[in-house]
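The values are calculated or read from the model by the stated rules, or taken from the named source; none is laboratory data. Just so it is clear, the model here is predicted, and its values are computed rather than measured. Here the Cβ positions follow ideal geometry from the backbone for every residue, glycine too, while neighbour counts run over all protein chains shown. Just so you know, the surface numbers come from the protein's heavy atoms only, side chains and all, with ligands and any DNA or RNA stripped out. Shrake-Rupley method; radii C 1.70, N 1.55, O 1.52, S 1.80 Å.
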Amino acid sequence: MRAWTVIFAIIVMPLARGADKLTEQDRIEIMRGLVAEYATVKQFLPRSKKALPFESSGTYDKKVWEAASHEYGPAGRVGDLVHITKVFIEPEKLVLQINGGFNGGRKWYDSAQKGGGMGGGGQMHTMGRGDSNAPGGTTLEILFHKPLEPMKASEVKKMLAPVLDFEKRSATELYAEVLPPEVQKAIQTKKVIEGMDRDQVLLSLGHPDHKSRETKDGIELEDWVFGQPPGKITFVTFNGSKVIKVKEEYAGLGTEVGDPKTPR
């Protein structure tokens, strides 16, 4: 019985180990699912001559990234759209070239040609930059610290979620995510709170139905009025760029609103 156990282990265990390796089909699926994909930047993405290290757990060394940004500037700011132009599959990491890499950016795609291929130790595929609006290019390496196991492109995108959003959400949505929690809540509930700026008010309520300015006690104020009677009217008062007062009233049919000099 013990002999059969040994034989079974000798035969089956190598097969099990083989099943945990990245297959050719996996490689093809990763290439097809990542190359030429667009993503929206969620965290400042620096240009770098060396590939920016990024752990497969979703973490990265902010000091390393900050050092690169101080030396070379941005490859993408929050809200910018970037383009995955090359993907290399190496034994223990995935390397993604973004917007043509360090020498890429706005000038790179003018002369780029579509093409690519796979083969050799590190597999690669490339595409033109398209309509990315980011200022430059860079390279990102996802570190696994062990031989790559079977995975899908969708899993790789989830790994990159802290820095890149592949759902193609708008820059406005991403901007809202980095705001203080109380401001986020106000925007989600279509409210305005004191301390918000004009952009945040626009995100919450849209464009006002009426604007007016007045100088009171030497201070220049600007009033934004949202809503029309009959219904709720919201008065938002700015001092400079910040909201200093919010007032809501319900107006009946025939009521005139919007004159800041009218007592409210």
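Taking 7 Å along the Cα-to-C-beta vector as the label spot, tell me the Ile28-Asn103 distance in nanometres, rounded to one decimal.
Going by the 7 Å Cα→Cβ label model, 3.2 nm.
Please list, ordered by chain and number, the residues whose modelled amide H lies under 5 Å from the amide H of Glu90; skip anything fewer than 5 residues away on the same chain.
The answer is Val95.
Can you pull the three principal axis extents for the Cα set of region 134-230, in Å, largest first?
Extents along the principal axes, in whole Å: 69, 33, 23.
Starting at the first residue of region 182-191, write each ³J(HN,Hα) from the Karplus equation 6.51 cos²θ - 1.76 cosθ + 1.60 with θ = phi - 60°, in whole Hz, x for Gly and Pro.
Calculated HN-Hα couplings, in order: 5, 6, 4, 4, 4, 5, 5, 9, 6, 10 Hz.
Send over a whole-number figure in Å² for the accessible area per residue of region 28-112, probe 1.4 Å. Can you show the working numbers first?
On the way: 4120 Å² over 85 residues.
Result: 48 Å² per residue.
What distance in nm separates the two pseudo spin-label positions at Arg198 and Glu155, each 7 Å out from Cα along the beta-carbon direction?
Here the answer is 4.9 nm between the modelled labels.
Counting only protein chains, not ligands or nucleic acids, how are Phe238, Phe44 ordered by accessible area (probe 1.4 Å), most first?
Ranked list, largest accessible area first: Phe44, Phe238.
Tabulate in residue order the Karplus-calculated ³J(HN,Hα) for region 31-43, using 6.51 cos²θ - 1.76 cosθ + 1.60 with θ = phi - 60°, rounded to whole Hz; enter x for Gly and Pro.
4, 5, x, 10, 5, 6, 6, 9, 9, 9, 6, 9, 10
What per residue convex hull volume, in Å³, do the alpha-carbon atoms of region 53-93 yield?
Residue-normalised Cα hull volume stands at 111 Å³.
Which order do you get for Ser241, Ser57 if you rank them by accessible area with a 1.4 Å probe, largest at the top?
Ser57, Ser241
Give Lys158/Lys185; Lys62/Lys242; Lys93/Lys152; Lys63/Lys157; Lys49/Lys86; Lys42/Lys62 a once-over and call out the pairs whose C-alpha atoms are over 20 Å from each other.
Lys158/Lys185; Lys62/Lys242; Lys63/Lys157
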